[in-house]
Every structure is written in structure tokens, then in C-alpha cells.
């Protein structure tokens with residue numbers, strides 16, 4: 001993996017690490033599916049000038065490939081974010097953290113089955129070490145707070161969103177190799193925004209919520225989710241995916257929990273614990289080992 005690919009993945013993970021804070025701020029004011037719709041619309045607006053420049057929009061295909069892109073928009077845009085956002089409201093943080101930690105494993109298994117990527121002892125060991133690092137960062141209190149019975153619906157939604165992201169990564173890899181990262185991410189975002197907007201409007205009508213009720217702080221959070229997460233981070237992620245195996249891309253997702261903890265320490269003055277330091281070292285070691293597998 002070259003330096004540019006590593007930097008792209010680390011940049012995407014950093015932007016996603018902050019997204020948890022932004023999502024929490026947005027959800028204090030805005031209904032969940034409306035948040036998803038708005039962030040996709042903002043991301044789509046970012047992609048439009050990029051596609052128009054140089055006539056890149058002409059590279060978006062039609063027919064069977066367009067149908068595949070629609071499927072990716074379900075897995076990686078509307079349904080993924082919708083399930084995740086609603087699920088996070090109906091389960092506890094401990095359960096959600098544990099399920100998120102299974103993401104790279106899902107990608108690994110799907111990549112072996114559907115892409116024929118090779119699995120060796122070094123990759124397995126690297127992913128195990130990185131996951132152990134994430135669990136150390138979470139701490140015993142988070143793991144002890146895991147409750148399987150009392151949050152079943154929320155748990156299923158969060159876990160389904162993780163599986164969807166695994167499918168998005170693996171099946172997106174095949175199309176990205178064919179069309180390029182920019183075309184795939186732009187098309188998926190535009191399609192997702194198109195079919196997700198009526199869902200958001202329906203939620204607004206059902207709940208009686210109006211855009212005028214969104215505070216400047218909430219708008220800032222939604223704008224961050226759209227521009228930095230759905231536009232820039234996804235583009236960086238798929239650019240990296242175009243240049244390496246999906247397994248190696250997936251394991252970088254383990255960098256998100258330590259980054260989130262560090263951001264909380266810097267912004268919210270939360271303490272930097274020994275567990276955070278040790279867990280971060282394990283994540284770095286696991287990612288490096290998997291990358292060289």
C-alpha cells in the first residue's frame with residue numbers, strides 16, 4: 001500500500017471519527033431520517049460541480065451497471081445511514097460499539113467469498129490484534145454494559161447497517177475497479193439522495209417538523225456530515241479501495257474508535273487513559289500487520 005492510499009484511509013477514518021459527535025448534535029433537533037436525507041442532499045450538491053467539470057457526468061453508465069449502482073446506494077447510503085441512525089437511538093452505546101467493531105471482519109469474510117481475495121495467517125492475526133485494541137479502547141465498562149435482550153430492535157438495526165457497509169465495500173470494489181472512485185461515489189450519492197429525499201419529507205410531514213426549526217448548531221452538524229463524511233470521506237475511502245484489497249481497507253476502520261477517543265480528549269477535555277494508549281498501539285500494530293499480509 002502506497003503512502004497516498006494510507007493517507008486517504010486515515011483521512012476518511014478521522015472524518016468519520018468526528019461524525020459521531022456531529023450526529024449526536026444533529027439528532028438533538030432533527031428527526032433521524034431527515035438527518036440522513038439532508039446529509040445526502042448536501043453531499044450530492046458537492047458532487048454535481050465535480051461531475052460537470054470536464055464532462056465527468058458522461059461517464060455515469062446506464063442499464064445493468066446503473067442498477068448495480070442503485071443497489072450500492074441502498075447498502076452504502078440511505079438504508080445504511082437510516083438503519084444506523086435509528087438503531088443508535090434505540091440501543092445503548094455499549095452494544096453499538098461492540099457491533100461496529102465487527103465491521104472489518106464482515107468485510108474480510110465477504111471479500112474472501114465474493115472477490116476471491118486471499119486470506120492468510122498474517123491478515124487474520126492483524127485483524128484480531130486490531131480488534132483487541134478497539135476493545136481495550138472501549139474499556140471494561142463498555143463491554144460490561146452489553147445487553148442482548150433489552151435492545152433487540154436497535155441491535156438488529158445497527159448490526160444490519162454494519163453488514164450493509166461490508167457489502168457496500170466489497171461489491172463497490174468491483175465497480176470501482178471498472179468505473180473509478182469518483183464516478184462510483186458520485187453516482188451512489190446522487191441516487192441515494194434522490195430516493196431518500198421523499199422518505200425525509202414523509203418523516204417531516206408525519207412528525208410536523210419544519211426546516212425552520214433547525215438551529216444554526218444543528219445545521220453546522222448536518223453540513224459536516226454531508227460535506228466531510230458523505231462527500232469527502234467516502235470519496236477518500238473508495239479512492240483507497242481502488243488501489244488495494246478491500247480487506248486491507250476494512251481493517252483501517254479500527255482506527256476510528258481511538259481517533260474518536262482522542263478527539264473527545266482534545267475537544268471535550270475527556271481524560272486520555274492508559275487503555276486508550278495501549279489500545280491505540282494495538283490497533284496500529286494490527287493494521288500494519290494486515291496491510292503487509
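One residue is enough: does region 155-162 have a residue meeting the conditions in contact with a helix residue (DSSP H, G or I) (Cβ under 8 Å, 6 or more places away or on another chain), surrounded by fewer than 17 Cβ atoms within 10 Å (Cβ to Cβ), assigned to a helix (DSSP H, G or I) and modelled with pLDDT of 95 or more? For region 155-162, residues in contact with a helix residue (DSSP H, G or I) (Cβ under 8 Å, 6 or more places away or on another chain), surrounded by fewer than 17 Cβ atoms within 10 Å (Cβ to Cβ), assigned to a helix (DSSP H, G or I) and modelled with pLDDT of 95 or more: absent.
Remark: pairs (first residue in region 36-63, under 27 Å from residue 204 (Cβ atoms); second residue assigned to a loop (DSSP other than H, G, I, E, B) and modelled with pLDDT of 80 or more; Cβ separation under 8 Å; 6+ apart in sequence or on different chains) = 38/30. Among the residues of region 211-225, none qualifies, meaning not one is closer than 30 Å to residue 277 by Cβ, crowded, with 23+ Cβ neighbours inside 10 Å, modelled with pLDDT under 85 and within 21 Å of the chain's Cα centre (by Cα).
Residues checked against (1) outside any helix (DSSP H, G or I); (2) touching a helix residue (DSSP H, G or I) at 6+ places or on another chain (Cβ under 9 Å); (3) at pLDDT 90 or above; (4) farther than 15 Å from residue 232 by Cβ:
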residue: 12; (1), (2), (3), (4): no, yes, yes, no
residue: 26; (1), (2), (3), (4): no, yes, yes, yes
residue: 30; (1), (2), (3), (4): yes, yes, yes, yes
residue: 49; (1), (2), (3), (4): no, no, no, no
residue: 56; (1), (2), (3), (4): no, yes, no, yes
residue: 61; (1), (2), (3), (4): yes, yes, no, yes
residue: 87; (1), (2), (3), (4): no, yes, no, yes
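Quick check on region 207-222. Is at least one of its residues under 12 Å from residue 40 (Cα atoms) and in contact (Cβ under 8 Å) with a residue 12 or more places away in the chain? Yes, region 207-222 contains at least one residue that is under 12 Å from residue 40 (Cα atoms) and in contact (Cβ under 8 Å) with a residue 12 or more places away in the chain. Restricting attention to region 273-284, the residues that are farther than 15 Å from residue 6 by Cβ, assigned to a helix (DSSP H, G or I) and touching a residue at least 40 places away in the same chain (Cβ under 8 Å) total 7.
Flag not set for residue 168, criterion: touching a helix residue (DSSP H, G or I) at 6+ places or on another chain (Cβ under 6 Å) and modelled with pLDDT under 90.
Got at least one residue in region 72-84 being farther than 23 Å from residue 214 by Cα, modelled with pLDDT under 85, in contact with a helix residue (DSSP H, G or I) (Cβ under 6 Å, 6 or more places away or on another chain) and part of a helix (DSSP H, G or I)? Checked region 72-84: no residue is farther than 23 Å from residue 214 by Cα, modelled with pLDDT under 85, in contact with a helix residue (DSSP H, G or I) (Cβ under 6 Å, 6 or more places away or on another chain) and part of a helix (DSSP H, G or I). You will find that of 202, 231, the residue that is in a helix (DSSP H, G or I), out of contact with any helix residue (DSSP H, G or I) (no Cβ under 7 Å at 6 or more places or on another chain), under 22 Å from residue 164 (Cβ atoms) and at pLDDT 90 or above is 202 and no other.
The values are calculated or read from the model by the stated rules, or taken from the named source; none is laboratory data. Remember, predicted model here, so these are calculated numbers, not experimental data. Here the Cβ is made from the backbone with ideal geometry for all residues, glycine too, and neighbour counts use every protein chain on show.
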